[in-house]
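See structure below.
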Amino acid sequence: MMGSLILALAAQAGATAPAPKAEICDKPVLMVVAGPTHDRARMLAYGKAIADSGLYKQLGGYYVNVPQELARFEGEAPAGYTTLIVRFPCLANAQAFWNSRVYQETIKPLRLNPSAGDYVVSVYPEAPLRGDMLGSVGDNAYRAPFDAAAVEQVGAAHP
């Protein structure tokens, strides 16, 4: 009640309310894109469009692997099957990428109608570094903030 009164009085006086505090984005996630590619040229154009958009840079996303299989130790996969992993500083930033107007309306259509690949896109939490690996492996910590609120969004969820 008192907070509402203070905001109302501040608005009447011409003052602005403080911006809401940004969500802390410090639990890295891995977005895994896996499936068969049907049209490599279109997928290369799609990847270039993602890079050119600046969304990964803005949201702290980067590729963890090169999507060219180096070796297979077990199992069979359909022709052209590939896996790409993108790391983001938190789930909110992965969602901001996926639901961004630029991705949904400009970039994603580059690989649809007809489909340039049949992909499953999933997001997983990053496993914590085992204690015995501390000091032997870099910490992969994000040292800069990546504000998902700055990316224009479309609907809440897109399949």
### Task
Would you calculate the separation in nanometres between label points at Tyr62 and Val120, each defined as 7 Å from the Cα along the Cα-to-beta-carbon direction?
2.8
#### Entry: Anchor Lys108: aspartates and glutamates whose Cα lies under 17 Å away (excluding residues fewer than 8 positions away in-chain)
Asp39, Asp52, Asp118, Glu152
### Task
Quick one: pull the percent of accessible area on region 56-95 belonging to carbon and sulfur, 1.4 Å probe, ligands and nucleic acids left out.
59
#### Entry: Dimensions (Å) - region 78-145, Cα atoms, principal axes, largest first
48, 34, 14
### Summary
By the mean-Cβ-within-10 Å protection proxy, highest first, 107-114, 137-144 rank as 107-114, 137-144
### Average Cα contact separation per residue, region 16-159, under 8 Å, 6 or more apart, as relative contact order %
40
### Those trypsin sites (Lys or Arg not before Pro) in region 44-73 that DSSP places in a loop and that have at most 11 other beta carbons within 10 Å
Arg72
### Segments 26-36, 118-128, 76-86 sorted - mean Cβ within 10 Å per residue, highest first
26-36, 76-86, 118-128
### Message
Over 16 Å apart: what share of the alpha carbon pairs of region 20-107 falls there, rounded to a whole percent?
### Response
61
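The values are calculated or read from the model by the stated rules, or taken from the named source; none is laboratory data. From a predicted model like this one, the values you see are computed outputs, not experimental measurements. As a convention, Cβ positions derive from the backbone with ideal geometry for all residues, glycine included, and neighbour counts pool all protein chains shown. Surface accessibility is based on the protein's heavy atoms, side chains included, excluding ligands, DNA and RNA. Shrake-Rupley method; radii C 1.70, N 1.55, O 1.52, S 1.80 Å.
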